[in-house]
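These notes are about the structure you will find just below.
The values are calculated or read from the model by the stated rules, or taken from the named source; none is laboratory data. No experiment lies behind these values; they were computed from the predicted model shown. Positions of Cβ are backbone-derived with ideal geometry, glycine not excepted, and every protein chain shown enters the neighbour counts.
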């Protein structure tokens, strides 16, 4: 084996614990990146498969670009095109089902209601039945279901299948059973088109046109397809459905957060590796010198240090890839039930590991390690044989540079100016500058800081003089002290920074939640974020609720999907359109407005003009402002809306959302189905009686769940906390490696002072006193690092919060994480002491003669 | 032509008022197979002389020639190569790599020179046997006594068949018995194996093993003594000489 690799392997093996802990930093970083990179494509593929399965065997499948229903008149236009053999309108509507809708044993979370023309459908697709008959024109509540659904629900011909509709629960009689097909997505329930239009409140509307052509020739087929495109214009899509932007939005948001986490972890890992290699170079000064003396070239020495880095990088990355894979698989496994419920997605294709992900993980894992080892490797190569063999202290430690202090101070000033500018790019750049600036000015601050805290340690270690000794050790070599403190600082800064951001996000979201959903009662559909699959209710339900004695205000939300084009973005952007009642909605909740006056905005919506409130994500992405026009694609063609305000609610904070009035939604989108209800009690109403009545009404609409507002808030908070507790655990994992960084730098301090420690012991210092000196020094260092870390962390979290605000996506209110700061202080100091234990023991156990002879 | 020639070799550390002259125009010649000991009080420039001859440091003035090659004309890498192939080093604290076995430590210079591991180990094994450590070749330094560690260091110094072995206080960290053994071994290096040896030592008893003793004081050679027959009982006369010079 190559000499460098042999030596690297031996050194790593010789320092097992340190090798393990250092490598752990790389393992964690790669694991997070790999794990995060796995679930995204896995979800994507499952999603695409689901979409593909929705398109079927027909030659042409036409849907509206928005995914919304459109007029049956479009079907006639298609039928008139030459070359169309047969064309039929279809309603294809996914329905999310509430839990246990079919009882505890039946695992059905959604259904696909397919309304077909019984005469034309068999000409378009193969409907060979296993049992019973096919649908007939004029069939009312008759349905054809698959064998699998029949088996799952233990149904046979003639039995009734209950289905939630806008009319309440309807019982469909099973007249036919189709053989099971290997389809991903909801189990399909076929009913007649006319019945589907009735039950789903979609009169004269269809969601899809299926057509077969007169030709099988590819070129001719393409010509006919082009003709259809010309006839229908750009608002229609030929092929599969376009939907799920909300889902993708949520996944992407999670991906960005985890990606950020992986990056921070690797950054931390890089710093630890850097620190470890500094320790290695200091420890092996004699070995390196000897190698140089017996003829090793500088390149050999660089190669030796980098080989160690490479070995750690390769091993750490390999383990990280393995653990990351398990992490990704575990995450997908945990998410699957939820995905099945919301999207009826199953990950039958298995977990996807894209080659690019592997390459990125390997390049980052190994690259960061090698990069972090570069500087120490060059430092090692500059160790001359003489320097190494001759006694000298602090060969690898630089003195305080006035220039670096000035540069650091300059960076901090620029960072603060960047923050004041409130421009996202400058704020983000400022965050990095602030951290680097602190590292650079740290040495200059060591003396005043050590003096300040030294008084405290002198008191703690009174009568032994060890406190003063520790203080002296720090001020004598401020650069070394600053490097150790920086290790703590970066760890604490990242933890406090990300933790502070989380804390602010939690407070903001909970505040938003109270504001947008602060009503006394809510009627919730199975999914409150992915509206598309929710089946709502007609106007009747709201009227019934309003009629209850004691109900004051009822406000509902309606949903439609749309898209818009804007100069600021390429292509088209999917938009979730929510219909609100501009009079009632402000009485039960409100939006968090970023721009525009709330009262004026709701008044503008109430005028039944095409006015719209857009949320921050949409405004930021499409570069929109108050007063701008927003052309929205609707089943009636593109309609131009005017933006009257920018604001959003908690449920749509991650999704491009536009709020319009329900009246306008009815005209442009033909939607009058309520999918979400907010109810306030009248003054002096008896909640118990109202609740009883509400429960009685909701019984007929099992797709809804009645919840008490404050209970929902508590439930939400609990779910939110559960998610973020996971994040805090990850933060703790992230903080752990900083322990190694402190340990390493303290170890360097002990190695460099070997003779001094020997001298102290020789002149009568007890082992205990030496031990306490090192611990006191560690305490001072960690106090310094923790103080800087908290300062930098608070700044970082403030920068992130301001940065998010500056993007215009949504306004986050900064909350000072008092508890977090206290915890960070305790953890920082504890880490300092823990990290000191090994070097302190090493120093106190030193043999006096050996130590004195060390140099 | 001598194997080693120094011409007005001068080394000054620092500048201006704080400048310290460690070596002052030293002219020294060492012949092949010659065993030379350098003695003198602390700070007289012994180690500096050794470092300059070994190409570990560059002189402020003057030059060193090894086998006619002026060291100051060589680049850093060329110097490294020269140290690897032509010079062997023995240090006071042995400077063995603790993670490697005796045979691996001894094989290091050959491995650095690109020789394949099997060949390097074969040669290391032969040299360890020569220095009397054949049985301990697979022990790590911490499993060897100080004297044994220094034998490994000598084997390492000889493995590339160098023309010159430089030993800096090779017995400084050893007990009397081991010191004598190592001194005798260095004598063998010169006499039996034909290498020139330049040894820095404080110990007159150890210096007495050499063919010639060079006395340094304040950076200059103040005396040189050719010992007629190198043996332990020369120590007394060497001690007397040191006292006379002081």
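Specify the residue that is nearest to residue B:151 (Cα to Cα); the eligible residues are those in segment B:81-94 that are more than 8 Å from chain A (Cβ to nearest Cβ) and assigned to a loop (DSSP other than H, G, I, E, B).
Top of the filtered list is B:94.
Could you grab me the full set of residues in segment B:105-125 that are in contact (Cβ under 8 Å) with a residue 12 or more places away in the chain, more than 11 Å from chain A (Cβ to nearest Cβ) and farther than 14 Å from residue B:157 by Cβ?
B:121, B:125 - these are the residues of segment B:105-125 that are in contact (Cβ under 8 Å) with a residue 12 or more places away in the chain, more than 11 Å from chain A (Cβ to nearest Cβ) and farther than 14 Å from residue B:157 by Cβ.
Those residues that are under 27 Å from residue A:525 (Cβ atoms) and either over 19 Å from the mean Cα position of the chain (by Cα) or modelled with pLDDT of 80 or more (or both), I need them from segment A:323-367; list them, please.
A:340, A:341, A:344, A:345, A:346, A:347, A:348
If you go through segment A:136-171 one residue at a time, how many are in a strand (DSSP E or B) and loosely packed, with under 14 Cβ neighbours inside 10 Å?
Residues that pass the stated criteria total 3.
Can you pull out every residue in segment B:65-80 that is buried (at least 17 other Cβ atoms within 10 Å of the Cβ) and either at the interface with chain A (Cβ under 10 Å from one of its Cβ atoms) or farther than 30 Å from residue B:120 by Cα (or both)?
B:79, B:80 - these are the residues of segment B:65-80 that are buried (at least 17 other Cβ atoms within 10 Å of the Cβ) and either at the interface with chain A (Cβ under 10 Å from one of its Cβ atoms) or farther than 30 Å from residue B:120 by Cα (or both).
Is it true that some residue in segment B:109-123 is in contact with a strand residue (DSSP E or B) (Cβ under 7 Å, 6 or more places away or on another chain), in the same structural domain as residue B:189 (by TED's automatic domain parsing) and at pLDDT below 90?
no
Here is a yes/no grid of residues against (1) within 14 Å of chain B (Cβ to nearest Cβ); (2) more than 29 Å from residue A:355 (Cβ to Cβ); (3) surrounded by fewer than 19 Cβ atoms within 10 Å (Cβ to Cβ); (4) at pLDDT 80 or above:
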{"site": "A:13", "(1), (2), (3), (4)": "yes, yes, yes, yes"}
{"site": "A:32", "(1), (2), (3), (4)": "no, no, no, no"}
{"site": "A:46", "(1), (2), (3), (4)": "no, no, no, no"}
{"site": "A:56", "(1), (2), (3), (4)": "no, yes, yes, no"}
{"site": "A:77", "(1), (2), (3), (4)": "no, yes, yes, yes"}
{"site": "A:110", "(1), (2), (3), (4)": "no, yes, no, no"}
{"site": "A:117", "(1), (2), (3), (4)": "no, yes, no, yes"}
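Among B:195, B:205, which is buried (at least 17 other Cβ atoms within 10 Å of the Cβ) and without any contact (Cβ under 8 Å) to a residue 60 or more places away in the chain?
Step by step, each of B:195, B:205 is checked, and only B:205 is buried (at least 17 other Cβ atoms within 10 Å of the Cβ) and without any contact (Cβ under 8 Å) to a residue 60 or more places away in the chain.
Would you mind finding the one in A:7, A:3 that is at pLDDT 80 or above, within 14 Å of chain B (Cβ to nearest Cβ), on the phi < 0 side of the Ramachandran plot and crowded, with 20+ Cβ neighbours inside 10 Å?
Within the list A:7, A:3, the selection yields A:7.
When you look at residue B:33, is it away from chain A (no Cβ under 14 Å), part of a strand (DSSP E or B), surrounded by fewer than 18 Cβ atoms within 10 Å (Cβ to Cβ) and touching a residue at least 12 places away in the same chain (Cβ under 8 Å), yes or no?
Taking the combined requirement at face value, the residue does not satisfy it.
If you check A:619, A:601, which single one turns out to be under 29 Å from residue A:679 (Cα atoms), out of contact with any helix residue (DSSP H, G or I) (no Cβ under 8 Å at 6 or more places or on another chain), in the same structural domain as residue A:534 (by TED's automatic domain parsing) and buried (at least 24 other Cβ atoms within 10 Å of the Cβ)?
Just one listed residue meets the conditions, A:601.
Would you point out which residue out of A:442, A:450 is assigned to a helix (DSSP H, G or I), more than 14 Å from every other protein chain (Cβ to nearest Cβ), at pLDDT 75 or above and crowded, with 20+ Cβ neighbours inside 10 Å?
Selected residue: A:442, the only one of A:442, A:450 that is assigned to a helix (DSSP H, G or I), more than 14 Å from every other protein chain (Cβ to nearest Cβ), at pLDDT 75 or above and crowded, with 20+ Cβ neighbours inside 10 Å.
Look through segment A:181-209, keep the residues that are at pLDDT below 85 and in contact with a helix residue (DSSP H, G or I) (Cβ under 6 Å, 6 or more places away or on another chain), and return whichever of them is nearest to residue A:145 (Cα to Cα).
Once the filter is applied, the top-ranked residue is A:187.
Could you list, in sequence order, all residues of segment B:37-57 that are in contact with a helix residue (DSSP H, G or I) (Cβ under 7 Å, 6 or more places away or on another chain) and either surrounded by fewer than 17 Cβ atoms within 10 Å (Cβ to Cβ) or more than 13 Å from chain A (Cβ to nearest Cβ) (or both)?
B:37, B:38, B:39, B:40
Please determine whether any residue of segment A:308-322 is within 14 Å of chain B (Cβ to nearest Cβ), within 25 Å of residue B:94 (Cα to Cα), modelled with pLDDT of 80 or more and in a helix (DSSP H, G or I).
Yes: one or more hits.
With the requirement that a residue be modelled with pLDDT of 85 or more and away from chain B (no Cβ under 14 Å), what does segment A:381-413 give you?
Listed by number, the residues that qualify are A:406, A:407, A:408, A:409, A:410, A:411, A:412, A:413.
Here are some conditions: (1) surrounded by fewer than 24 Cβ atoms within 10 Å (Cβ to Cβ); (2) more than 24 Å from residue B:43 (Cβ to Cβ); (3) within 14 Å of another protein chain (Cβ to nearest Cβ). Residue B:174 meets all but one. Which one does it not meet?
Going through the list (1) surrounded by fewer than 24 Cβ atoms within 10 Å (Cβ to Cβ); (2) more than 24 Å from residue B:43 (Cβ to Cβ); (3) within 14 Å of another protein chain (Cβ to nearest Cβ), residue B:174 breaks only (2).
Considering A:821, A:804, A:770, which residue is within 25 Å of residue A:427 (Cβ to Cβ) and at pLDDT below 80?
Being within 25 Å of residue A:427 (Cβ to Cβ) and at pLDDT below 80 holds for just one of A:821, A:804, A:770, which is A:804.
A quick yes/no check of all residues on (1) within 14 Å of another protein chain (Cβ to nearest Cβ); (2) at pLDDT 75 or above; (3) out of contact with any strand residue (DSSP E or B) (no Cβ under 6 Å at 6 or more places or on another chain):
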| position | (1), (2), (3) |
| --- | --- |
| A:216 | no, no, yes |
| A:234 | no, yes, yes |
| A:237 | no, yes, no |
| A:245 | no, no, no |
| A:259 | no, no, yes |
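If you check A:701, A:659, which single one turns out to be under 25 Å from residue A:595 (Cα atoms) and crowded, with 22+ Cβ neighbours inside 10 Å?
Criteria check complete, one pass: A:659.
Working only within segment A:583-622, note down all residues that are assigned to a loop (DSSP other than H, G, I, E, B) and at pLDDT below 90.
A:583, A:584, A:589, A:590, A:591, A:596, A:597, A:607, A:608, A:609, A:615
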